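Note sheet for the following structure.
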Amino acid sequence: MSACVKLTSYNFFLVVAIRSATQILLLHPPIIYHRKDLMSSFKLPTAYFVFGRAIAETTSVTCQFYAYQNMNIGDAAAIIYSSPLITGILAAIFLKERLTLFNLLATFVSFGGVILVSRPPFLFESSESGVDGARFAVAGIAFCGTICVSIGILCVRKIGKTVDSFVMTYYFSLVCCIIPLAITGITGNFQLPPCDYRRWLLLLIGILGFLGHMSFVKAVQLEEAMLIAVIRTVDVLFGYILDITVFGSTPSILSVLGAFLVVSSAAAVGLNKVYGFSKIFEWGQSLNKKQSVDNIAK
């Protein structure tokens, strides 16, 4: 979907609105068929988390689409998918989950990776200071999207299974359609999509966004938020593949190193939370003992 967003070269607010409008149309048949109660989420305090999540995700998607259009997809994805570490910190603050020393160290490593990808001009000297400053500004917007992703994950975890995933996605799509349209209307930037292949790309963005969002919401409801966030970091690899194959853009060594730090730290935290390195260590010890016994027997 990120490649489609970049290829459209269309106002990112309107891309978000069209994506959300497509999702609303695709959501109506299953909601009507399964007779989902759209009013169930208006019960307090559930409504606070449903609409809070919708606003956070709307902000996140807008920041992501802006970043995809104005910087390399791989670099943008590396910044956006540092969200597992932000999720861990926010979960410790608001959900009272435990923040271990290992998670804190991984957060610092991930933040270092984000710095290498964004390359702020006050830390990295370059002859093209204006270009680097614009790049850092786009990276900052992408990082704001990262924080909003984490807030959205926490809201979904807080809601749990009390609200159906179709209903939750419907209200998110509604908010995500209204807010960008209102912004473009106020700023006078509203325009109809061009009559070319980009209309098909916009429709494809909506379909892919619908499938991805439904899968994500259902996965977070059934599985631990940290593990889901870690699995999503695979998008960073696909982002760099698209940069090279579709757009002919070769990532810099610092970008690749920074992306590696982000993904590896997120994966380490997720695996530690789900499986525990202590269990892996115990399994390794038992395997060594078994091999020793077999050697003695021989």
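The values are calculated or read from the model by the stated rules, or taken from the named source; none is laboratory data. All values reported here derive from a predicted model rather than from experimental measurement. All Cβ positions, glycine included, derive from the backbone under ideal geometry; neighbour counts span all protein chains shown. Side chains are part of the model used for accessible areas, which takes the heavy atoms of the whole protein and leaves out ligands, DNA and RNA. Shrake-Rupley method; radii C 1.70, N 1.55, O 1.52, S 1.80 Å.
Within segment 235-252, being among the β-branched types (Val, Ile, Thr) and open to solvent by less than 30 Å² (accessible area, probe 1.4 Å) holds for one residue alone: VAL236. Being under 17 Å from the mean Cα position of the chain (by Cα) and among the β-branched types (Val, Ile, Thr) is the filter here; which residues of segment 51-110 pass it? Those that are under 17 Å from the mean Cα position of the chain (by Cα) and among the β-branched types (Val, Ile, Thr): ILE55, THR58, THR59, VAL61, THR62, ILE73, ILE79, ILE80, ILE86, THR87, ILE89, THR107. Screening MET39 with (1) over 26 Å from CYS144 (Cβ atoms); (2) in contact (Cβ under 8 Å) with a residue 24 or more places away in the chain; (3) open to solvent by 50 Å² or more (accessible area, probe 1.4 Å); (4) outside any loop (DSSP other than H, G, I, E, B) gives one miss only, at (2). Give segment 12-36 a look and list any residue that's surrounded by 19 or more Cβ atoms within 10 Å (Cβ to Cβ) and either free of Cβ contacts under 8 Å to residues at least 60 places away in the same chain or over 24 Å from CYS155 (Cβ atoms) (or both), or say none. Matches in segment 12-36: PHE12, LEU14, ILE18.
Please state which one of PHE166, PHE210, PHE172 is open to solvent by less than 60 Å² (accessible area, probe 1.4 Å), over 20 Å from ASP75 (Cβ atoms), at pLDDT 85 or above and not charged (D, E, K, R).
On the way: PHE166 fails: at pLDDT 85 or above; PHE210 fails: at pLDDT 85 or above.
Going through PHE166, PHE210, PHE172 in turn, just one is open to solvent by less than 60 Å² (accessible area, probe 1.4 Å), over 20 Å from ASP75 (Cβ atoms), at pLDDT 85 or above and not charged (D, E, K, R): PHE172.
Among the residues of segment 44-66, is any over 17 Å from VAL149 (Cβ atoms) and crowded, with 19+ Cβ neighbours inside 10 Å? No, there is no match, as no residue in segment 44-66 is over 17 Å from VAL149 (Cβ atoms) and crowded, with 19+ Cβ neighbours inside 10 Å.
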